[in-house]
């Protein structure tokens, strides 16, 4: 069977030889000088809780996923990991907890980004780490929804995260950003540099502004102090091009967030094209994908926009998607610190190539021939272009002139994964008199390299896909001390953390507690109520039971079913929400904000007392129980027809939950 695969591959590469059109000649010569230094290929974890479900995978599957992402010469072999500095607020597909919910509170063991950075470093000690905030705890803004109102406070908050990374996890953060895709403040950037230096963190470099090329480039040119503070101009989704002012700064230029495209063959084509053309067209020396791994509920915004997919920890199933192998074409045969060669980079009949060297005789050439319809990214819009089959001859000059062979790796992206060829070693390609010639088809990626260490990692197939368990319960007594969040709960507004209260009744010592008590400095229009979702979006008939403990007279709690929206759309979430409030009333609403009231009445619930809520949804009928007794019934609901289960609070107040259970049919 394996031999047959090679026969088919040889036929596919050679069968259309007669169709190759015009040829082009391209010179690779390090003697004429080198171009910009290569800084690496990476991905973003977070920027919306995108790695949320990864930590809940059992071994060995969790380690296998991490190997495909980070292990050198195995899979994607990523060279940069960028993580969200949690800000307690919605940042695309959920919230990530802050290390400082309150001004007098520091905890460097919340969330999963610390763990992920350590796992990445364990596999690749040379990987570069970046931190970037999307949102900030409310105390940072001092009552304003603006992180620059008190720049000294914000700088202090960010620097504590960097110091905590080293003190508690032995992680050296290499780069720090300003505020993801939002306004920047020159005064704050300068103050951040000053604060870093004062803490002897001169090695931490600043990226600005993680949005557009302008106006940061223009201001860096005008302001010498700002120019000293900013090390890298980072733009998001630049469409492979830059602007004159960015080039004039003579700073490193990065596509500091890119891709965010469905990880099928077209998504892989998008990734293959921009990995080359970000440098060819825009002089960008690093490209960072959003996101690292699609490890969040697929029905959330931008589902499966990761380099690979791992969204079923309950089954152990994951998918190594084509973007992993497209990444490997570059990362397995380069390292940060290599240099691009001075080449035009455009192929005569469409497509592109880049060439890099370590300055010690090694050479790597990456070629892509992506067609328009096979390489559209989610943004920006892609203007029409054409690519034709072609013959390409590379002339090796300078220190490469005596090479006799290059190792060749090949991918061919079809429109289905079953027909695609991904990261296939074709063995050595002979170099004759300093020339190597290739017949290039459409939607292909080639790597030609002096390195012999490339490897396509293979592991046993993971378990088959399974839906979320139809019967699920958690009393929050069994917990992984490495993480602060309960398995499978995906916080959408607010933060729900494990809590231990030794003075509580024995059956409620260990609970899940909503801990955000002040509206954060938000990144998007967040909900007014806190919410954490769980389960199967397709659920229709279900019974949800949960104990609640309202700690404040301003609070209130709910359980909900058929919740149909979350992520950046959480404010528009609809479903069936069963609320109890500390004034002794209850409400049944069709929306998260409690405005569409379906039924209300007296319940007798008070603060600082445990109560059990039960919500029963069967077809178009809804009913609710309090402490085992029927409280309301015969509420007719026709929409939404399906959705997640959820828990949440009436406002940003301390509230506890325990003995959660859902039964779906």
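Below is a table of values for the structure above.
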quantity	calculated
Cβ-based exposure ranking for 395, 329, in which fewest neighbours within 10 Å come first	395, 329
Virtual spin-label span in nm between residue 102 and residue 197, 7 Å along Cα→Cβ	3.6
The chain: calculated mean residue ellipticity at 222 nm from DSSP helix runs of at least 4, using -39500 (n - 2.57)	-5000 deg cm²/dmol
Share, in percent, of DSSP beta bridges within region 87-238 that are antiparallel, nearest 5	10
Per-pair calculated FRET efficiency, R0 = 22 Å: residue 247 and residue 187 via Cβ, rounded to 0.05	0.30
DSSP-defined antiparallel bridges as percent of all bridges, region 19-134, nearest 5	10
Area projected by the alpha carbon convex hull of region 296-417, averaged over all directions, nm²	10.6
Nearest 10 degrees, 0 to 90: helix 186-198 Cα axis against the chain principal axis	90
Structure-derived Kirkwood radius over Cα pairs in Å: which label, when the choices are [x] 27.4; [y] 29.4; [z] 26.4	[z]
Angle in degrees between helix 2-14 and the longest Cα principal axis of the chain, rounded to the nearest 10	60
In nm, spacing of pseudo-spin labels at residue 348 and residue 170 (7 Å Cα→C-beta vector)	5.6
Order of 379, 458, 123 - criterion: other Cβ atoms within 10 Å of each residue's Cβ, fewest first	458, 379, 123
Inter-probe distance in nm under a simple model that places probes 7 Å from Cα toward Cβ, at residue 424 and residue 459	2.5
Share antiparallel - DSSP beta bridges, the chain, percent rounded to 5	70
Between helix 322-331 and the chain: long-axis angle, C-alpha atoms, 0 to 90°, nearest 10	50
For region 394-485: span of alpha carbons on each principal axis (Å, largest first)	71, 33, 20
Förster-model FRET efficiency, 25 Å R0, residue 627 and residue 466, C-beta, rounded to 0.05	0.15
Rg ratio (alpha-carbon, reference 2.2 N^0.38 Å) - region 471-664	0.93
Rg(Cα) / (2.2 N^0.38 Å) computed for region 39-336, rounded to two decimals	0.94
Whole-number D in µm²/s for region 557-665 (Stokes-Einstein; Kirkwood sum over Cα pairs; 37 °C, 0.692 mPa s)	234
Equivalent ellipsoid semi-axes - Cα gyration tensor, region 283-368, angstrom	33, 15, 11
Burial ordering of 122, 412, fewest other beta-carbon atoms within 10 Å first	122, 412
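FYI, it's all coordinate maths here, none of it is from the lab. Predicted model only: the values in this text are computed from it and were never measured. Reconstructed Cβ throughout: ideal geometry from the backbone, glycine too, with neighbour counts over all protein chains shown.
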